[in-house]
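One structure below.
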Amino acid sequence: MKEIILQQKVGSFAENKDVAREIREQFIKPALAAGVDVVLDFEGVSMATQSFIHALISDPIRIYGANVLDQIAFKNCNESIKTLVTVVCDYMQDSFTNE
Amino acid sequence: MEVHLPNSGFLGNIELFLRKLRFENPKELNISFNPKWVSVHPVILAAVAAIAEECKLNNVPIVVPRQLAPKSYPYFVRMGLFDCIGIKSPQEIEFHEGAGRFVPLRKISSGAELSNFISDMIPLLHAKPENADPIKYVVSELIRNVLEHAESPVGAFICAQYFKNKNRISIGVADRGMGITNSMSISHTVNNDKEAINLALRPGITGTTKRIGGTENNAGAGLFFTRNIAKASDNLFFIYSGNAYFKQLKKKKQPAEQMELFSDPFLDPCTVRSDAKVWNGTIVGLDIAAEGGKSFSHLLGNIRQAYSLDVKHKNKEKYKRPRFI
């Protein structure tokens, strides 16, 4: 299992998409490609933007399909972050049904 | 070119500012002020700063009248307008600690500058942590839009101000980039500026791709969220690009849980015009509740619902849910 502590990389407000891209390319995608489960730990992150969450997880969902959500867990999310993660997961799955 | 700052120019009456814009003669920029006093929304200051910066880059002279309304000096100095225009303040101003809650004009040209700005900004507005989230959110989304899509030679200009008597925080962002029509035209068929603004405000539409869900880096939801954050707190939102502008108006007071969020921005009570002077770039202004609004997570929940309804999926129960542990 690959656990990524987001607060160490983005601080309490997760908005920097350049950092999201780095985390996605350097940690999330390689772990998934190797069949390793990923835990994204939002402990200490009080807010994120939808754009940040999109940059973090949309590409893995597009590449591996919705089942990749069995391999990714979202830990210590507050209600706002849960909502944003859910929005992104929903519309990425919408994109499959509309393609 | 001419820019006039009226005595009052907020989102409700921003036409007082827009009507007096003149871009015909690009060899000189004349900035004039109401002779008695000036109190304007930060979006107007951001717009003036952006066009002034472009003039400085292109060695276009900026002309400012010698006589300014004395009551307006402190306001302009505090908001950093004279620094942005590149002229010395006509009068020395004594600053008093804690006299205001405002974020002076700032030019932002990179993601790192944006992150620093967001950290600096909240203490200046003295916002409580629970009220700071929507402010940080919209600032990040608006500025990143400029940095990623506008190709603005002057970057993004932003400023903000807290209006205690109105219980609101006003934010303005302006750039001198390619504008929404050019940006949306990269991936969509767009016939005019008004149509481009409509597209840009809808959820899930980005200039970077036609694909629903966007690219790995862009979803096309930033402006949809931002517009609805203003709406959900019963405040105004304004966007101007090319010859068109859209102003989302307040709705009659209704309980928050009954507030309907539309994906088509033009379904909301609004003013839409496509006969404005052509602004090269984009200007966005909005007001959000300073205190006492719905919780941000509740607000995001409403926006999420509106987003989902727009794509009209009927088989959502089949969708896999993210695992929160």
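The values are calculated or read from the model by the stated rules, or taken from the named source; none is laboratory data. If you're wondering where the values come from, they're calculated on a predicted model, not measured in any experiment. Neighbour counts are summed over all protein chains in view; Cβ atoms, including those assigned to glycine, are modelled from backbone coordinates with ideal geometry.
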Exercise. Collect the residues in the stretch A:41-73 that are within 7 Å of chain B (Cβ to nearest Cβ), over 15 Å from residue A:93 (Cα atoms) and surrounded by fewer than 23 Cβ atoms within 10 Å (Cβ to Cβ), keeping them in residue-number order.
Key: A:73
Quiz item: Is there a residue in the stretch B:197-209 that is within 12 Å of chain A (Cβ to nearest Cβ), out of contact with any helix residue (DSSP H, G or I) (no Cβ under 9 Å at 6 or more places or on another chain) and closer than 23 Å to residue A:87 by Cβ?
Solution: yes
Quiz item: In the stretch B:61-81, what residues are part of a strand (DSSP E or B) and surrounded by fewer than 17 Cβ atoms within 10 Å (Cβ to Cβ)?
Solution: B:63
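For (1) within 28 Å of residue B:128 (Cβ to Cβ); (2) within 20 Å of the chain's Cα centre (by Cα); (3) assigned to a loop (DSSP other than H, G, I, E, B); (4) at pLDDT 90 or above, each residue gets a yes or a no:
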| site | (1), (2), (3), (4) |
| --- | --- |
| B:48 | no, yes, no, yes |
| B:53 | no, yes, no, yes |
| B:59 | no, no, yes, yes |
| B:83 | no, no, no, yes |
| B:90 | no, no, yes, no |
| B:96 | yes, no, yes, no |
| B:99 | yes, no, yes, no |
| B:103 | yes, yes, no, yes |
Quiz item: Before we move on, is residue B:139 touching an Asp or Glu at 6+ places or on another chain (Cβ under 8 Å) and at negative phi?
Solution: no
Self-check item: Qualifying residues in the stretch B:136-167 (those that are of a type outside the set (D, E, K, R) and more than 23 Å from residue B:281 (Cβ to Cβ)) - the one nearest to the other protein chains (Cβ to nearest Cβ)
Solution: B:162
Quiz item: Would it be correct to say that residue B:170 is of a type outside the set (Val, Ile, Thr), out of contact with any Leu (no Cβ under 6 Å at 6 or more places or on another chain) and within 14 Å of chain A (Cβ to nearest Cβ)?
Solution: no
Exercise. Could you please give the count of residues in the stretch B:302-325 that are modelled with pLDDT of 80 or more, touching an Asp or Glu at 6+ places or on another chain (Cβ under 9 Å) and crowded, with 18+ Cβ neighbours inside 10 Å?
Key: 2
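Here's the yes/no breakdown for (1) within 16 Å of residue B:240 (Cα to Cα); (2) touching a Leu at 6+ places or on another chain (Cβ under 8 Å); (3) β-branched (Val, Ile, Thr):
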| position | (1), (2), (3) |
| --- | --- |
| B:7 | no, no, no |
| B:16 | yes, no, no |
| B:21 | yes, no, no |
| B:32 | no, yes, no |
| B:36 | no, no, no |
| B:47 | yes, no, no |
| B:58 | no, no, no |
| B:75 | no, no, no |
| B:80 | no, yes, no |
Exercise. Just give me the residues in the stretch A:23-40 being under 12 Å from the mean Cα position of the chain (by Cα) and either closer than 25 Å to residue B:226 by Cβ or exposed (fewer than 15 other Cβ atoms within 10 Å of the Cβ) (or both), in sequence order.
Key: A:23, A:24, A:25, A:40
Quiz item: What is the residue count in the stretch B:208-247 for residues that are more than 20 Å from residue B:176 (Cα to Cα), of a type in the set (Ser, Thr, Tyr) and within 13 Å of the chain's Cα centre (by Cα)?
Solution: 1
Self-check item: Which numbered condition residue B:247 misses (of (1) away from every other protein chain (no Cβ under 14 Å); (2) surrounded by fewer than 24 Cβ atoms within 10 Å (Cβ to Cβ); (3) charged (D, E, K, R); (4) out of contact with any helix residue (DSSP H, G or I) (no Cβ under 8 Å at 6 or more places or on another chain))
Solution: (4)
Practice problem: Kindly provide the set of residues from the stretch A:55-78 that are touching a Phe, Trp or Tyr at 6+ places or on another chain (Cβ under 9 Å) and not aliphatic (A, V, I, L, M), ordered by number. | Solution: A:58, A:62, A:65, A:71, A:74, A:75, A:76, A:77, A:78
Quiz item: Got a number for residues in the stretch B:236-267 being modelled with pLDDT of 90 or more, farther than 20 Å from residue B:192 by Cα and part of a loop (DSSP other than H, G, I, E, B)?
Solution: 2
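Let's see how each residue does on (1) in contact (Cβ under 8 Å) with a residue 60 or more places away in the chain; (2) among the basic types (Lys, Arg); (3) within 9 Å of another protein chain (Cβ to nearest Cβ); (4) touching a strand residue (DSSP E or B) at 6+ places or on another chain (Cβ under 9 Å):
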{"site": "A:16", "(1), (2), (3), (4)": "no, no, yes, no"}
{"site": "A:20", "(1), (2), (3), (4)": "no, no, yes, yes"}
{"site": "A:24", "(1), (2), (3), (4)": "no, yes, yes, no"}
{"site": "A:27", "(1), (2), (3), (4)": "no, no, no, yes"}
{"site": "A:37", "(1), (2), (3), (4)": "no, no, no, yes"}
{"site": "A:78", "(1), (2), (3), (4)": "no, no, yes, yes"}
{"site": "A:91", "(1), (2), (3), (4)": "no, no, yes, no"}
Quiz item: What helices (runs of 4 or more DSSP H) lie completely within the stretch B:127-223 and have 2 or more residues being free of Cβ contacts under 8 Å to residues at least 40 places away in the same chain and farther than 19 Å from residue B:245 by Cβ?
Solution: B:129-145
